[in-house]
Amino acid sequence: MPEAAFEDVLAVHQLYGRQSHAIDSGRAREWAETFTADGEFSSPSYPAPSTGTAGLTAFAERFHAGCLASGETLRHVVGTVDVRPGATPDELSAHAYLQIIGTPADGSPPRTHRLTVIADELRRTAGGWRIRHRVVHRDA
């Protein structure tokens, strides 16, 4: 199986880092802009997919508001990233493990909220790699 170019793999890792910091810090629009303008996020934790920049921004705003209301700081931890070439030079696919860790404001020990697998289809844009479609899977 062909390998993705080193520069592309590094760019995807950076994208995931920027994305995690953005949603965890309440920077909803910045998080949404890690997707293509027509990007889609689908997770079994939520009732329906979020699509397009406006829909993704609204999703991230609701997510952060829920964190504030819960009294926990949530952190997205992405690891074990596997990036593969797509059908064209401007497409990649990636799979990674995603943990969401919550730290309560009352000093209680952190806890794992979810351990999932993300499956992404990425597209090269004028602004760099962006996620066109993300599906979050929970282990059965």
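Need one number: % antiparallel among DSSP beta bridges in the chain, to the nearest 5.
On the way: 36 of 40 bridges.
Roughly 90 percent of the beta bridges in the chain run antiparallel, per DSSP.
Tell me, what is the percent relative contact order of the range 7-107, built from C-alpha pairs under 8 Å that lie six or more residues apart? Write out the running numbers ahead of the final one.
On the way: 135 pairs, mean separation 24.0, N = 101.
24 percent.
Compute the Rg/Rh shape ratio of the range 38-106: radius of gyration over Kirkwood radius, all on alpha-carbon atoms.
Values: Rg = 15.1 Å, Rh = 14.3 Å.
So for the range 38-106, dividing Rg by the Kirkwood Rh gives 1.05.
Choose one answer from Thr88, Thr103, Thr57: the residue with the largest mean-square fluctuation in a GNM of the chain with alpha-carbon springs under 10 Å.
Its mean-square fluctuation being the largest, the pick is Thr88.
Taking +1 at the Cβ of each Lys and Arg and -1 at the Cβ of each Asp and Glu, which of Val12, Ala69, Pro47 sits farthest along the dipole of the chain towards its positive end, judged by Cα position relative to the Cα centre?
Ala69
I'd like the carbon and sulfur percentage of the solvent accessible area for the chain, probe radius 1.4 Å, heavy atoms only, ligands and nucleic acids excluded. Write down the numbers at each step before the final one.
Values: 4220 of 7650 Å².
That share works out to 55 percent.
Show that you can apply the helix-only estimate: for the chain, add -39,500 (n - 2.57) for every DSSP H stretch of four or more residues, divide by all residues, and state [θ] at 222 nm to the nearest 500. Numbers along the way, then the final one.
Working: 3 runs with 43 residues, N = 140.
The helix contribution divided over the chain gives -10000 deg cm²/dmol.
Anyone know which of Gly128, Gly26, Gly55 comes out most mobile in the 10 Å Cα GNM of the chain?
Between Gly128, Gly26, Gly55, it is Gly128 that shows the largest mean-square fluctuation.
Return one whole number: the accessible area per residue of the range 83-134 in Å², for a 1.4 Å probe.
Using a 1.4 Å probe on heavy atoms only, each residue of the range 83-134 averages 53 Å².
If you place +1 on the Cβ of every Lys and Arg and -1 on the Cβ of every Asp and Glu, how big does the dipole about the Cα centre of the range 83-130 come out, in debye to the nearest 20?
On the way: 6 positive and 5 negative charges, 6 e Å.
The calculated dipole for the range 83-130 is roughly 20 debye.
If one puts a single equal scatterer on every Cα of the chain and applies the Debye formula without solvent, what log₁₀ I(q)/I(0) results at q = 0.18, 0.21, 0.22 Å⁻¹?
Taking Cα atoms of the chain as identical point scatterers yields -1.04, -1.37, -1.48.
The values are calculated or read from the model by the stated rules, or taken from the named source; none is laboratory data. As the structure is a prediction and not an experimental result, all values here were calculated from the model. Cβ coordinates were reconstructed from backbone atoms using ideal geometry, including for glycine residues, and neighbour counts include every protein chain displayed. When the accessible area is computed, the model is the full protein with side chains, heavy atoms only, and any ligands, DNA or RNA have been set aside. Shrake-Rupley method; radii C 1.70, N 1.55, O 1.52, S 1.80 Å.
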